[in-house]
Amino acid sequence: MSTETPSPSVRTVSADLNAQANAAPVGIFDSGLGGLSVLRAVRAQLPDEALLYVADSLYAPYGERDDDFIADRTLAIGEWLVKQGAKALVVACNTATAQSIALVREKLSIPLIGVEPGIKPAALQSKTRVAGVLATQVTLRSARFQALLDRYAADCRFLCQPGHGLVQAVERCDVGSAELRALLRSYLEPMLDAGADTLVLGCTHYPFFDATIRDLVGDRLTLIDTSVAIARQLERVLDQHGLRAATGIPAALPRFYSTDDGQHQKQLAATLLHLDAEVTQVVIPSRRTAAPDSQAA
Ligand code: DGL
(Lines give C-alpha, C1' and ligand atoms only; values in the text may rest on other atoms or scores of the structure.)
Protein backbone atom coordinates (compact mmCIF):
# COMPACT_ATOMS: atom_id res chain seq x y z
CA MET A 1 0.00 0.00 0.00
CA SER A 2 1.38 3.43 -0.95
CA THR A 3 2.05 5.85 1.89
CA GLU A 4 2.70 8.80 -0.40
CA THR A 5 0.87 12.03 0.40
CA PRO A 6 -1.62 12.85 -2.38
CA SER A 7 -0.63 15.80 -4.57
CA PRO A 8 -2.51 19.09 -4.03
CA SER A 9 -4.61 18.54 -7.21
CA VAL A 10 -5.70 15.07 -6.03
CA ARG A 11 -6.63 16.58 -2.66
CA THR A 12 -8.68 19.29 -4.38
CA VAL A 13 -10.60 16.74 -6.47
CA SER A 14 -11.41 14.62 -3.42
CA ALA A 15 -12.41 17.70 -1.37
CA ASP A 16 -14.73 18.73 -4.22
CA LEU A 17 -16.28 15.25 -4.32
CA ASN A 18 -16.82 15.34 -0.55
CA ALA A 19 -18.41 18.78 -0.75
CA GLN A 20 -20.73 17.53 -3.51
CA ALA A 21 -21.74 14.45 -1.51
CA ASN A 22 -22.35 16.55 1.60
CA ALA A 23 -24.48 19.08 -0.29
CA ALA A 24 -26.76 16.26 -1.52
CA PRO A 25 -30.24 16.16 0.01
CA VAL A 26 -31.59 13.90 2.75
CA GLY A 27 -34.64 11.93 1.57
CA ILE A 28 -37.62 11.69 3.91
CA PHE A 29 -40.47 9.35 3.11
CA ASP A 30 -43.83 8.46 4.60
CA SER A 31 -46.98 6.70 3.42
CA GLY A 32 -48.50 10.16 3.38
CA LEU A 33 -48.37 13.44 5.25
CA GLY A 34 -47.34 12.18 8.69
CA GLY A 35 -43.62 12.36 7.90
CA LEU A 36 -44.02 16.13 7.72
CA SER A 37 -43.92 16.05 11.54
CA VAL A 38 -40.46 14.48 11.23
CA LEU A 39 -39.42 16.93 8.50
CA ARG A 40 -40.40 19.79 10.85
CA ALA A 41 -38.04 18.44 13.55
CA VAL A 42 -35.24 17.77 11.02
CA ARG A 43 -35.42 21.36 9.71
CA ALA A 44 -35.20 22.71 13.25
CA GLN A 45 -32.25 20.46 14.16
CA LEU A 46 -30.36 20.56 10.84
CA PRO A 47 -31.19 23.84 9.06
CA ASP A 48 -28.30 23.46 6.61
CA GLU A 49 -29.51 20.15 5.16
CA ALA A 50 -31.37 20.09 1.84
CA LEU A 51 -34.46 17.85 2.07
CA LEU A 52 -36.55 15.86 -0.40
CA TYR A 53 -39.92 14.68 0.93
CA VAL A 54 -42.04 11.97 -0.67
CA ALA A 55 -45.62 11.27 0.45
CA ASP A 56 -47.03 8.04 -0.97
CA SER A 57 -50.53 9.43 -0.41
CA LEU A 58 -52.02 7.55 -3.37
CA TYR A 59 -51.46 4.33 -1.41
CA ALA A 60 -52.01 5.57 2.18
CA PRO A 61 -52.85 4.34 4.70
CA TYR A 62 -50.19 1.64 4.83
CA GLY A 63 -51.56 0.49 8.19
CA GLU A 64 -54.29 -1.39 6.41
CA ARG A 65 -52.07 -2.92 3.68
CA ASP A 66 -50.42 -6.32 3.66
CA ASP A 67 -46.75 -6.69 4.60
CA ASP A 68 -45.52 -7.36 1.07
CA PHE A 69 -47.26 -4.25 -0.28
CA ILE A 70 -45.61 -2.05 2.35
CA ALA A 71 -42.14 -3.52 1.70
CA ASP A 72 -42.63 -3.16 -2.07
CA ARG A 73 -43.59 0.53 -1.87
CA THR A 74 -40.90 1.36 0.72
CA LEU A 75 -38.19 -0.16 -1.44
CA ALA A 76 -39.45 1.50 -4.66
CA ILE A 77 -39.55 4.93 -3.02
CA GLY A 78 -36.14 4.42 -1.39
CA GLU A 79 -34.66 3.51 -4.79
CA TRP A 80 -36.35 6.53 -6.38
CA LEU A 81 -34.87 8.84 -3.73
CA VAL A 82 -31.41 7.35 -4.29
CA LYS A 83 -31.82 8.12 -8.01
CA GLN A 84 -32.70 11.72 -7.10
CA GLY A 85 -29.31 11.89 -5.35
CA ALA A 86 -30.37 11.44 -1.69
CA LYS A 87 -27.33 10.88 0.58
CA ALA A 88 -29.40 9.33 3.41
CA LEU A 89 -32.98 8.19 3.88
CA VAL A 90 -35.32 8.75 6.81
CA VAL A 91 -38.17 6.23 6.70
CA ALA A 92 -40.50 8.59 8.59
CA CYS A 93 -43.20 5.96 8.96
CA ASN A 94 -43.50 3.59 11.90
CA THR A 95 -45.49 1.14 9.80
CA ALA A 96 -42.97 0.98 6.95
CA THR A 97 -40.09 0.77 9.43
CA ALA A 98 -41.74 -2.03 11.39
CA GLN A 99 -42.48 -4.00 8.26
CA SER A 100 -39.59 -3.43 5.92
CA ILE A 101 -36.57 -1.57 7.28
CA ALA A 102 -34.39 -4.70 7.42
CA LEU A 103 -35.11 -5.56 3.78
CA VAL A 104 -34.65 -2.00 2.53
CA ARG A 105 -31.42 -1.62 4.50
CA GLU A 106 -30.03 -4.65 2.67
CA LYS A 107 -30.91 -3.25 -0.76
CA LEU A 108 -30.01 0.45 -0.54
CA SER A 109 -26.49 1.77 -0.55
CA ILE A 110 -27.17 4.90 1.55
CA PRO A 111 -27.55 5.18 5.35
CA LEU A 112 -31.10 4.62 6.59
CA ILE A 113 -32.84 5.98 9.66
CA GLY A 114 -36.07 4.30 10.76
CA VAL A 115 -38.60 5.30 13.39
CA GLU A 116 -40.31 3.36 16.17
CA PRO A 117 -42.90 4.12 18.86
CA GLY A 118 -41.39 5.73 21.97
CA ILE A 119 -41.91 2.77 24.32
CA LYS A 120 -38.58 3.32 26.06
CA PRO A 121 -39.12 7.02 26.92
CA ALA A 122 -42.71 6.24 27.99
CA ALA A 123 -41.55 3.46 30.33
CA LEU A 124 -38.91 5.79 31.75
CA GLN A 125 -41.30 8.61 32.51
CA SER A 126 -44.66 7.03 33.45
CA LYS A 127 -45.38 7.40 37.17
CA THR A 128 -48.55 5.31 37.23
CA ARG A 129 -46.75 2.57 35.21
CA VAL A 130 -49.65 2.54 32.79
CA ALA A 131 -49.18 4.03 29.33
CA GLY A 132 -51.29 4.13 26.20
CA VAL A 133 -49.95 3.53 22.69
CA LEU A 134 -51.72 4.74 19.57
CA ALA A 135 -50.27 3.25 16.39
CA THR A 136 -51.40 1.49 13.24
CA GLN A 137 -52.58 -2.10 13.36
CA VAL A 138 -49.55 -3.18 11.28
CA THR A 139 -47.11 -1.50 13.69
CA LEU A 140 -48.79 -3.01 16.75
CA ARG A 141 -48.74 -6.55 15.40
CA SER A 142 -45.16 -6.36 14.09
CA ALA A 143 -42.31 -8.39 15.57
CA ARG A 144 -40.27 -5.18 15.99
CA PHE A 145 -42.96 -3.65 18.19
CA GLN A 146 -43.30 -6.83 20.26
CA ALA A 147 -39.53 -6.81 20.75
CA LEU A 148 -39.71 -3.19 21.97
CA LEU A 149 -42.36 -4.16 24.54
CA ASP A 150 -40.36 -7.20 25.65
CA ARG A 151 -37.29 -5.04 26.11
CA TYR A 152 -38.70 -1.98 27.88
CA ALA A 153 -42.16 -2.76 29.19
CA ALA A 154 -41.36 -5.27 31.92
CA ASP A 155 -42.74 -3.21 34.82
CA CYS A 156 -45.08 -0.95 32.86
CA ARG A 157 -48.46 -1.83 31.36
CA PHE A 158 -48.92 -0.65 27.77
CA LEU A 159 -52.47 -0.32 26.47
CA CYS A 160 -52.14 -0.67 22.70
CA GLN A 161 -54.88 0.89 20.60
CA PRO A 162 -54.94 0.77 16.79
CA GLY A 163 -55.74 4.29 15.57
CA HIS A 164 -58.26 3.31 12.89
CA GLY A 165 -59.35 6.37 10.94
CA LEU A 166 -56.67 8.73 12.25
CA VAL A 167 -54.25 8.57 9.30
CA GLN A 168 -57.16 9.16 6.92
CA ALA A 169 -58.14 12.26 8.92
CA VAL A 170 -54.67 13.83 8.58
CA GLU A 171 -54.60 12.88 4.88
CA ARG A 172 -57.70 15.06 4.37
CA CYS A 173 -56.15 17.80 6.58
CA ASP A 174 -58.59 17.20 9.44
CA VAL A 175 -56.79 17.69 12.74
CA GLY A 176 -59.67 18.98 14.87
CA SER A 177 -63.21 18.37 13.54
CA ALA A 178 -66.03 17.23 15.83
CA GLU A 179 -65.88 13.71 14.30
CA LEU A 180 -62.16 13.49 14.84
CA ARG A 181 -62.48 14.68 18.45
CA ALA A 182 -65.11 11.99 19.08
CA LEU A 183 -62.85 9.33 17.55
CA LEU A 184 -59.86 10.42 19.62
CA ARG A 185 -61.99 10.56 22.76
CA SER A 186 -63.14 6.97 22.14
CA TYR A 187 -59.48 5.86 22.05
CA LEU A 188 -58.20 7.95 24.96
CA GLU A 189 -60.94 7.64 27.56
CA PRO A 190 -60.42 3.90 28.18
CA MET A 191 -56.70 4.62 28.65
CA LEU A 192 -57.45 7.32 31.23
CA ASP A 193 -59.97 5.06 32.96
CA ALA A 194 -57.25 2.39 33.23
CA GLY A 195 -54.91 4.89 34.92
CA ALA A 196 -52.61 5.85 32.03
CA ASP A 197 -50.56 9.03 32.54
CA THR A 198 -48.56 8.77 29.29
CA LEU A 199 -49.50 8.42 25.63
CA VAL A 200 -47.11 7.20 22.94
CA LEU A 201 -47.86 8.71 19.54
CA GLY A 202 -46.69 5.67 17.59
CA CYS A 203 -47.43 6.98 14.11
CA THR A 204 -45.85 10.04 12.53
CA HIS A 205 -49.29 11.35 11.50
CA TYR A 206 -50.43 11.69 15.12
CA PRO A 207 -48.27 14.62 16.34
CA PHE A 208 -50.53 16.82 14.21
CA PHE A 209 -53.31 16.03 16.74
CA ASP A 210 -51.19 17.40 19.58
CA ALA A 211 -53.36 20.49 20.22
CA THR A 212 -56.63 18.54 19.92
CA ILE A 213 -55.42 15.81 22.30
CA ARG A 214 -54.31 18.44 24.82
CA ASP A 215 -57.68 20.08 24.52
CA LEU A 216 -59.38 16.74 25.22
CA VAL A 217 -57.22 15.43 28.07
CA GLY A 218 -55.45 18.51 29.44
CA ASP A 219 -52.28 17.50 31.25
CA ARG A 220 -53.57 14.08 32.31
CA LEU A 221 -51.47 12.43 29.58
CA THR A 222 -47.85 13.23 28.75
CA LEU A 223 -47.44 12.86 25.00
CA ILE A 224 -44.42 10.99 23.67
CA ASP A 225 -43.48 12.13 20.17
CA THR A 226 -40.14 10.88 18.89
CA SER A 227 -39.63 13.34 16.01
CA VAL A 228 -36.91 15.34 17.79
CA ALA A 229 -35.09 12.11 18.72
CA ILE A 230 -35.26 11.02 15.05
CA ALA A 231 -33.74 14.33 13.91
CA ARG A 232 -30.91 13.87 16.43
CA GLN A 233 -30.35 10.31 15.22
CA LEU A 234 -30.14 11.59 11.64
CA GLU A 235 -27.54 14.13 12.77
CA ARG A 236 -25.47 11.37 14.41
CA VAL A 237 -25.68 9.13 11.33
CA LEU A 238 -24.66 11.96 8.97
CA ASP A 239 -21.73 12.75 11.28
CA GLN A 240 -20.65 9.10 11.41
CA HIS A 241 -20.59 8.96 7.60
CA GLY A 242 -18.96 12.39 7.18
CA LEU A 243 -22.04 13.55 5.26
CA ARG A 244 -23.07 16.76 7.06
CA ALA A 245 -23.79 19.74 4.79
CA ALA A 246 -21.49 22.74 5.17
CA THR A 247 -22.72 24.98 7.97
CA GLY A 248 -23.72 28.59 7.69
CA ILE A 249 -25.51 28.29 4.33
CA PRO A 250 -29.17 27.63 5.24
CA ALA A 251 -30.68 25.14 2.80
CA ALA A 252 -33.32 26.07 0.25
CA LEU A 253 -36.93 25.08 0.97
CA PRO A 254 -37.49 21.31 1.03
CA ARG A 255 -38.62 19.78 -2.28
CA PHE A 256 -41.99 18.10 -1.88
CA TYR A 257 -43.28 15.18 -3.96
CA SER A 258 -46.52 13.24 -3.77
CA THR A 259 -47.94 10.21 -5.55
CA ASP A 260 -51.38 11.89 -5.50
CA ASP A 261 -52.16 15.42 -6.68
CA GLY A 262 -50.38 16.87 -3.64
CA GLN A 263 -53.12 19.41 -2.78
CA HIS A 264 -53.50 18.24 0.83
CA GLN A 265 -49.75 18.09 1.28
CA LYS A 266 -49.49 21.70 0.15
CA GLN A 267 -52.30 22.69 2.52
CA LEU A 268 -50.84 20.87 5.54
CA ALA A 269 -47.33 22.22 4.89
CA ALA A 270 -48.80 25.73 4.76
CA THR A 271 -51.06 25.52 7.82
CA LEU A 272 -48.99 23.37 10.17
CA LEU A 273 -45.43 23.99 9.00
CA HIS A 274 -45.88 27.53 7.64
CA LEU A 275 -44.14 26.47 4.44
CA ASP A 276 -45.42 27.77 1.15
CA ALA A 277 -43.98 25.20 -1.22
CA GLU A 278 -44.96 23.57 -4.48
CA VAL A 279 -45.70 19.84 -4.44
CA THR A 280 -44.75 17.88 -7.54
CA GLN A 281 -46.84 14.84 -8.43
CA VAL A 282 -44.69 11.80 -9.23
CA VAL A 283 -45.32 8.28 -10.46
CA ILE A 284 -43.11 5.79 -8.62
CA PRO A 285 -43.81 2.37 -10.08
CA SER A 286 -43.35 -0.76 -8.00
CA ARG A 287 -44.01 -4.46 -8.49
CA ARG A 288 -47.33 -4.38 -6.59
CA THR A 289 -48.62 -1.16 -8.15
CA ALA A 290 -47.83 -2.07 -11.76
CA ALA A 291 -51.21 -3.79 -12.22
CA PRO A 292 -54.18 -1.63 -13.33
CA ASP A 293 -56.19 -2.46 -10.19
CA SER A 294 -53.23 -1.62 -7.93
CA GLN A 295 -55.07 1.04 -5.91
CA ALA A 296 -57.23 -1.69 -4.50
CA ALA A 297 -54.21 -3.93 -3.80
N1 DGL B 1 -47.17 7.77 9.30
C2 DGL B 1 -47.34 6.35 9.22
C3 DGL B 1 -46.77 5.69 10.48
O4 DGL B 1 -45.99 6.30 11.17
C5 DGL B 1 -48.77 6.03 8.92
C6 DGL B 1 -48.96 4.67 8.35
C7 DGL B 1 -50.19 4.50 7.52
O8 DGL B 1 -50.23 5.03 6.42
O9 DGL B 1 -51.11 3.81 7.99
O10 DGL B 1 -47.05 4.56 10.77
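The values are calculated or read from the model by the stated rules, or taken from the named source; none is laboratory data. What you see is a predicted model, and the numbers here were worked out from it, not measured in a lab. Don't worry about glycine lacking a Cβ; one is built from the backbone with ideal geometry, like all the others, and counts go over all protein chains shown. These accessible areas exclude ligands, DNA and RNA; they are computed on the full protein's heavy atoms, side chains included. Shrake-Rupley method; radii C 1.70, N 1.55, O 1.52, S 1.80 Å.
Yes or no, residue by residue, for (1) buried (at least 18 other Cβ atoms within 10 Å of the Cβ); (2) of a type in the set (A, V, I, L, M, F, W, C):
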| residue | (1), (2) |
| --- | --- |
| Ala269 | yes, yes |
| Thr280 | no, no |
| Val283 | no, yes |
| Arg287 | no, no |
| Ala290 | no, yes |
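Close Cβ contacts (under 6 Å, 6 or more residues apart or on different chains) running from residues in segment 158-171 that are closer than 18 Å to Leu221 by Cα and within 9 Å of the ligand (Cβ to nearest atom) to residues that are at pLDDT 95 or above and not in a helix (DSSP H, G or I) comprise Gly163/Leu134.
Please find, within segment 59-92, the residue that is modelled with the highest pLDDT out of those that are within 15 Å of the ligand (Cβ to nearest atom), of a type in the set (Gly, Ala, Ser) and buried (at least 23 other Cβ atoms within 10 Å of the Cβ). So, considering only residues that are within 15 Å of the ligand (Cβ to nearest atom), of a type in the set (Gly, Ala, Ser) and buried (at least 23 other Cβ atoms within 10 Å of the Cβ), the one modelled with the highest pLDDT is Ala92.
The rows are residues; the columns are (1) assigned to a loop (DSSP other than H, G, I, E, B); (2) in contact (Cβ under 8 Å) with a residue 12 or more places away in the chain; (3) more than 16 Å from Arg43 (Cα to Cα).
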position	(1), (2), (3)
Ile213	no, yes, yes
Leu216	no, yes, yes
Val228	no, yes, no
Leu234	no, yes, no
Ala246	yes, yes, no
Ile249	yes, yes, no
Phe256	no, yes, no
Gln265	no, yes, yes
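Annotation for segment 160-172: no member residue is farther than 23 Å from Gly32 by Cα and either at pLDDT 95 or above or surrounded by 20 or more Cβ atoms within 10 Å (Cβ to Cβ) (or both).
Inspect segment 157-167 for any residue being touching a strand residue (DSSP E or B) at 6+ places or on another chain (Cβ under 8 Å) and basic (Lys, Arg) and give the result as yes or no. Yes, segment 157-167 contains at least one residue that is touching a strand residue (DSSP E or B) at 6+ places or on another chain (Cβ under 8 Å) and basic (Lys, Arg).
For segment 93-115, a residue qualifies if it is among the hydrophobic types (A, V, I, L, M, F, W, C) and either outside any helix (DSSP H, G or I) or within 16 Å of the ligand (Cβ to nearest atom) (or both), and the qualifying residues are Cys93, Ala96, Ala98, Ile101, Val104, Leu108, Ile110, Leu112, Ile113, Val115.
Residues in segment 253-274 that are under 24 Å from Ala88 (Cβ atoms) and in contact with a strand residue (DSSP E or B) (Cβ under 9 Å, 6 or more places away or on another chain): Leu253, Pro254, Arg255, Phe256, Tyr257, Ser258, Thr259, Gly262, Gln265, Ala269.
Among the residues of segment 173-202, those that are in a loop (DSSP other than H, G, I, E, B) and either open to solvent by 10 Å² or more (accessible area, probe 1.4 Å) or over 20 Å from Leu33 (Cα atoms) (or both) comprise Cys173, Asp174, Val175, Gly176, Ser177, Ala194, Gly195, Ala196, Asp197. Looking at segment 94-142, which of the residues that are more than 18 Å from Thr226 (Cβ to Cβ) and among the β-branched types (Val, Ile, Thr) is most open to solvent (accessible area, probe 1.4 Å)? The residue in question is Thr128.
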